[in-house]
Amino acid sequence: MIEPGSGQSGGGPIAWALRPLLALVVACSTTGGVVTSTSLVATTTTVTPTTSAPATTTSTEAIDVAGEFGAALAATSPNYRFESVVTVGDQAITTIAGVVDGESVAATITAGTSDVSYVRTPEGEWVTGPDDEWSVLEGEAPAGAPLAGLTDASDFALESSEAGLLAILATLGPAAGPVAGTRVTITLTDGQVTQIRYQAQSGSELADVTTTITEVGSAGTVEAPVA
């Protein structure tokens, strides 16, 4: 079982904002979507020096951006470790780090000097309170796994490409909840999703949200906490 670290500061100051914070970083639904295939042609230019004027040759390589993304998304699920950092200006205001195990999530949410631990399984949601004991969150669990918000992304375009590394642009769909419609940069490394970056409104300020995916397939299991 993966248990997030218990909060040493009680978690009170951010407990009220737990679900909005999670909604900002992870998906609000695990509803699947259809990735529509689209191709984009990447163009590279090579300059060959000569004794006179340089000769320029251009080569093209077709990249099925949506196809590459769909394959990488499938290869990355359903077990991985993630860390999401919400930055406003030059200051990291919130960090959410944890494990996704199928439909279950365990994470530690840190904001300033306060932190809380959070677990979601198909049976419900739990969070640590001021006494570091687990409490049940009432109502339907709105927060899914980070990759769940990418299932119906669309409008793909290639940002950059090199050996084993693709950076693509996409627009988040309804599965991303409150950040649906946001333009997002997704990094694919060796056929897996390794980073998700976008900007979102946080109150009156613009927040940069960066999620890094690691330990795919070996992040561990998540179980409901023992009361």
Selected from THR113, GLY149, THR185, residue furthest toward positive end of dipole (the stretch 71-227; charges at beta carbon): THR185
5 angstrom amide H check on GLU223, placed H, neighbours 5+ away: ILE2
FRET efficiency, 1/(1 + (r/R0)^6) with R0 22 Å, evaluated for ARG183 and ALA92 via beta carbons: 0.50
Find out how many positive minus negative residues lie around ALA157, taking Lys and Arg as positive, Asp and Glu as negative, among other residues whose Cβ is under 14 Å from that of ALA157. -3
Spacing of the two label points (7 Å from each Cα toward its C-beta) at SER218 and ASP131, in nm: 4.1
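A short reminder: the numbers here are calculations on the coordinates, not readings from a lab. Source: prediction; values computed, not measured. All Cβ positions, glycine included, derive from the backbone under ideal geometry; neighbour counts span all protein chains shown.
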